[in-house]
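The values are calculated or read from the model by the stated rules, or taken from the named source; none is laboratory data. All of these numbers come straight from a predicted model, not from anything done at the bench. Here the Cβ is made from the backbone with ideal geometry for all residues, glycine too, and neighbour counts use every protein chain on show. Ligands, DNA and RNA are excluded from the accessible area calculation, which covers all protein heavy atoms including side chains. Shrake-Rupley method; radii C 1.70, N 1.55, O 1.52, S 1.80 Å.
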Number of protein chains: 2
Amino acid sequence: MNSDTVHLELSAVKTLALAALLNAGCNKANATAIANTVWKAERDGCSSHGLFRIPGYCRSLKNGKVNGEAEPRLERTAPSVLWVDGDGGYTPLALETMADDFAELTKSQGVAVAAITNTFHFAAMWPEVEELAKRGLCAIACTSYKPCIPPAGGTKPLFGTNPLAFAWPRPDNDPLVFDQASAMMARGDIMIHARDGVPLPDGAGIDKHGNPTNDANAVLEGAQLPFGGYKGAAIAMMIELLAGPLIGEQLSLEAAENDLEEGGPTRGGEFVLAMDPKKTRQTPITGGNAERLFEAIAAQEGARLPGVGRIERRKKVAEEGVRIPRSLLEEIEV
Amino acid sequence: MNSDTVHLELSAVKTLALAALLNAGCNKANATAIANTVWKAERDGCSSHGLFRIPGYCRSLKNGKVNGEAEPRLERTAPSVLWVDGDGGYTPLALETMADDFAELTKSQGVAVAAITNTFHFAAMWPEVEELAKRGLCAIACTSYKPCIPPAGGTKPLFGTNPLAFAWPRPDNDPLVFDQASAMMARGDIMIHARDGVPLPDGAGIDKHGNPTNDANAVLEGAQLPFGGYKGAAIAMMIELLAGPLIGEQLSLEAAENDLEEGGPTRGGEFVLAMDPKKTRQTPITGGNAERLFEAIAAQEGARLPGVGRIERRKKVAEEGVRIPRSLLEEIEV
C-alpha cells in the first residue's frame, strides 16, 4: 500500500496546491486563499477535503466555470447583514475578504449574518467557524450543493449533502467545533470509498431504484440518506433554505440545472451566523457555564468532546506530514 | 375507550385551562397567555403539550416555584439583541410581551436574537416561530430542559430533550414549520406512553444501566437517545449551548440541580433567532426559489412537507373538538 502513496511535509501541501491553482489560471489572491483552505483540511487529517479536491478545483477553472480572478465585494444590506458577492470565484477568497468586517459587525451588533453568494463551494466549513470562535464568537455555517438526499418518505435526491458547522469559544482551550453533513456520510467520504472500492456502512444510501446498497458508486448514482431519518431530513431542508433562498442563492436543485456536470462544485452560497455571547447574556442570572457541560461530556466513559479527534489529528499531521495516493499526485498538474 | 374519555369543544379547552391557572394563583395576564399556548397545542392535535400539562403548570404555581404574577421586562443589550427577563414566570407571557418588538427589530436589523431568560418552559415552540413566519420572517427557536440525553458514546443523561423549531414564510400558504426534539422521541410523548402503558419504538432510549429498552418508565428513569446517533447528539449539544450559556441561562444539568423535582418544568431559557429574507437577499443573483423546493418535496411519492400533518389536524380538531382522558379532566382543578 505504501508504494502506492507518497509522503509530503505539510508545507509541501500548500506549495503543491498553490502551484496547481496558479497553473490552472487562478490569480495569486484566489490561489493563495484556496491553497490555505486545502492546507487546513490536510493539516486536520481530512483527506477528502484536501489535495483530493485539487483536480476538481483546477478542472472548473480551466473550463471557465469558476472565475480564478474573482474580486469579492461586500455590501451591508441591513445593519446586521453583510452580503457578499463572490464574483463567481471559489468561496475561500470571499471568506478571507469578509473575515475582519464580519467579526467586528457581530461584536457591535450582537448577532450578524454573512450572506455569501455567487461563489463555488468545495471546502469544509470548520475553519471559518473555528476562526470566528477564536475571536470569542459563537458561529454557525451551512451550505448546500446539488441534489443528494431525498426528502423524508421520498427516494429521489433533492437536498444537497448540506453540512452544518458550529463553533463555541472557550477561554483557555481550542474552540469546540463540529462540522457534519446532513447526509449520514459526507459525499467526499463516499467518493473516497468509491475510489478505493471500499463498501459503505448500512444506511448511507440507496441506489437509483430506491433500494438500500453498500456500493459507493451506486449511491453516487442513487441517493444518500440523511442521518436520523425524517428529523435529519428536516435539518437538511432547513440548511437548503438558509444557504439558498434566505440569502438569495440557488437551491441544490437549481444548482444542478445550471451546472456543467463535470464533477466540480456548483454555484451556490454559504450562510454564516455569528453571535457575541458578551452581548447576548446578562450577568444577573445564575448558571450558563459552558465549561461545566464540556467537563461533564469528557467525564463520561466512552464519550468525548466533538472536535477533539480533529485536534489530535492536527498534532499528528504536524509531526508526521501526510500521505496521498501516488495517482493523485500524478493527477495534480503544476 | 370512549367511556374513559371526555369530549370538549376547542373553545372549552381555553376556558378550562384559564380557570385552572387562575385557581392555581396566576394573574389574568399570565393565565391568559398560558391558556392560549395550551389551546394552540390542542388546536393542532398535540395532546402531549395541551391540557395534559395543566396539572404540572398548576403544581409549580401552587408550590411557589413559578411566579404567577410575572411581569416580563425587555432590554436591548445590543443593536440586534432583545434580552428578556421573564421574572420567574412561565414563558408564554414573555413571548407575548416581546412579539411585536422582536419582529420589528428583525425587520430593521435584518437579523435579531431574542434571549429569553428567567422563565419556566413547558410548551411546544412551533406557535412562536409560525407567528414570526406569518410576519414574513424566517425563525428558529430552541430550548433545553434537564438531563435526558447522553452525549455521543456515553450512557448518562446530560442534554435536555432540546427541541428545535424552524419556520419559513410562504406568501400564499401557511408557513412551513417543523418542531422536533433532539431526542428520538419528545419527552411528552414518552410520558404519554408511560401513562398509557404503551411500549416505545426501538432506539427511543436506554434504562438506568445503559441497556436498550422499550419500557417508557424505564427510559424516563434512564436516558432518551438522540435522533441520528452522534450527529443528533451534536445538535442536542448545540441547542444546549444556544438556549443556555449563549443567553446566560442554565444548562440542563444546572437546571436539574436547582429544581424542586416535583414534575414541573425547570427554570431555563429560550433562544429565538429571526431573519428577514427581504434584507438577507439581493436581487441580482438568479435562483433561490423556496416554493420550487416545496413543490419538489410534495411531488415525490411518499413524501410530504413538514408541518402538513399539523395543518390537517388543526382542521380536524376545529370540526370535531378534542377528547381527553376522564382522569385528566378530574385532575384539573378549577
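Summary of computed values
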item	result
Lys, Arg +1 and Asp, Glu -1 on Cβ, resulting dipole of chain A about Cα centre, debye, nearest 20	540 debye
Neighbouring partner chain Cβ atoms per residue of A:327-334, average, 10 Å criterion	0
Computed magnitude of the charge dipole of the range A:13-81 (debye, nearest 20; Cβ of K, R +1, Cβ of D, E -1)	100 debye
For the protein assembly as shown, with +1 on Lys and Arg beta carbons and -1 on Asp and Glu, the positive-most of A:Ala234, B:Phe102, A:Gly56 along the dipole	B:Phe102
Portion, in percent, of the accessible area of the protein assembly as shown that falls on carbon or sulfur, probe 1.4 Å	50 percent
Rounded to whole Hz, the Karplus (6.51, -1.76, 1.60) HN-Hα couplings of the range A:19-31, x for glycine and proline	4, 5, 5, 5, 4, 8, x, 6, 7, 5, 4, 5, 4
Cβ-vector label at 7 Å, A:Lys62, separations to other copies in nm	7.8
Sequence-distant residues sharing a close amide H with B:Gly269 (under 5 Å, placed H)	B:Ser144, B:Gln250
Label 7 Å beyond Cα on the Cβ vector: B:His7 copy-to-copy distances, nm	8.1
In order through the range B:173-178: 3J(HN,Hα) via Karplus (6.51 cos²θ - 1.76 cosθ + 1.60), integer Hz, x for Gly, Pro	8, 4, x, 7, 9, 10
Exceeding the 26 Å Cα-Cα cut-off - candidates B:Lys65/B:Lys146; A:Lys315/B:Lys231; B:Lys28/B:Lys316	B:Lys28/B:Lys316
Other copies of B:Ala299: label-to-label distances in nm, shortest first, labels 7 Å along the beta-carbon direction	5.4
The range A:296-333: GluC sites (Glu not before Pro) falling in loop per DSSP and having at most 15 other Cβ within 10 Å	A:Glu301, A:Glu333
Dipole magnitude of the protein assembly as shown, debye to nearest 20 (Cβ charges: Lys/Arg +1, Asp/Glu -1, about Cα centre)	280 debye
Residue-normalised accessible area of the range B:16-149, given per residue in Å² at a 1.4 Å probe	29 Å²
Compactness relative to 2.2 N^0.38 Å, alpha carbon Rg of the range A:181-235	1.03
Restricting the range B:66-104 to GluC sites (Glu not before Pro) in coil, as DSSP defines it, with at most 16 other Cβ within 10 Å	B:Glu69
Rotational relation B to A, axis-closest Cβ in chain B, residue and distance rounded to whole Å	B:Gly228, 1
Cα point-scatterer Debye curve for the range A:6-62, base-10 log of I(q)/I(0) at q = 0.16, 0.28 Å⁻¹	-0.40, -1.15
Semi-axis lengths, Å, the range A:106-223, gyration tensor of Cα atoms, sqrt of 5 times eigenvalues	33, 16, 12
Directionally averaged projected area (convex hull, Cα atoms, the protein assembly as shown), nm²	27.7 nm²
Chain B, relative contact order [Cα under 8 Å, separation at least 6], %	22 percent
P(r) histogram, all alpha-carbon pairs of chain B included - 20 Å bins from 0, percent	30, 61, 9, 0
